[in-house]
Amino acid sequence: MTHQVHAFEPPERFVAGTVGEPGDRTFYLQARGGGRVISVALEKVQVSLLAEKLEELLLEANKRFGVSLPEEPLLTLHDNEPLDSPVDEEFRVGTLGLAFDVDTSTVVIEAIEAGEPEPDLIGESLGDEEDDDDTDEDEDDEPDDDLDRLRVRLTPEATRAFIDRARRVVAAGRPPCPLCGQPLDPAGHLCPRHNGYHR
């Protein structure tokens, strides 16, 4: 069975967003470009971890290759608009891969369809690395070639804007309980710090 690689290098728009009410939200990565819109579903923890790892990747690229980093996303790159409709799920993400392409000074994000094995949250690399010793291991750990993929290539500025929005999307859910940190439903929740009484 052939797989599809949905490549946007670069996309006109690449964002994290949600559909649904807090407590019942579905998280998506959505890329738009060339008359196409591709939406892939993933878990909230994957969005949060993606933002965190992208931040680390930018800092590492700055330290190792002298890539200049914007302090804040440019106002022109701020994107508070909802996801493009209709939101049709292309696939559910199992693995997220990150790399920094030194030649073009861009960040490459690859979302790979969930397969049979246990999904990895994030694998990352810097495009300049050449470790011959790890080649065989990397090939064994490589996700199945038959799985669909979404690949985007972003400038550091666009990456920073993506990180900013992703963090806001994650934080826009249910507020945490001040005692246990678990999400609060409108009707409260069974708080373990109160021996199971509603809070």
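The values are calculated or read from the model by the stated rules, or taken from the named source; none is laboratory data. The model shown is predicted, which means the values in this text are computed figures rather than measured ones. Positions of Cβ are backbone-derived with ideal geometry, glycine not excepted, and every protein chain shown enters the neighbour counts. Keep in mind that these areas ignore ligands, DNA and RNA; they rest on the heavy atoms of the full protein, side chains included. Shrake-Rupley method; radii C 1.70, N 1.55, O 1.52, S 1.80 Å.
Values as computed for the structure displayed
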item: Qualifying residue in the range 143-155 (condition: aliphatic (A, V, I, L, M), more than 18 Å from the chain's Cα centre (by Cα), modelled with pLDDT of 55 or more and farther than 22 Å from Glu21 by Cα); result: no
item: Residue in the range 89-102 that is out of contact with any helix residue (DSSP H, G or I) (no Cβ under 6 Å at 6 or more places or on another chain) and not in a strand (DSSP E or B) present; result: no
item: Selection count, the range 8-32, where residues are open to solvent by 10 Å² or more (accessible area, probe 1.4 Å), touching a residue at least 12 places away in the same chain (Cβ under 8 Å) and among the small types (Gly, Ala, Ser); result: 1
item: In the range 1-53, residue farthest from the chain's Cα centre (by Cα) [restricted to those that are among the charged types (D, E, K, R) and over 21 Å from Arg174 (Cβ atoms)]; result: Arg36
item: Matching residues, the range 44-55, being touching a residue at least 24 places away in the same chain (Cβ under 8 Å) and of a type in the set (D, E, K, R); result: Lys44, Lys53, Glu55
item: Any hit, the range 16-33, residues being among the β-branched types (Val, Ile, Thr) and assigned to a loop (DSSP other than H, G, I, E, B); result: no
item: Single residue of the range 33-47 satisfying the filter (touching a Lys or Arg at 6+ places or on another chain (Cβ under 8 Å) and not hydrophobic (A, V, I, L, M, F, W, C)) that is surrounded by the most Cβ atoms within 10 Å (Cβ to Cβ); result: Gly33
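Residue-wise test of (1) open to solvent by 80 Å² or more (accessible area, probe 1.4 Å); (2) modelled with pLDDT under 95; (3) among the basic types (Lys, Arg).
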site: Glu89; (1), (2), (3): yes, no, no
site: Ala99; (1), (2), (3): no, no, no
site: Val102; (1), (2), (3): no, yes, no
site: Thr106; (1), (2), (3): no, no, no
site: Glu110; (1), (2), (3): no, no, no
site: Glu118; (1), (2), (3): yes, yes, no
site: Leu121; (1), (2), (3): no, yes, no
site: Asp131; (1), (2), (3): yes, yes, no
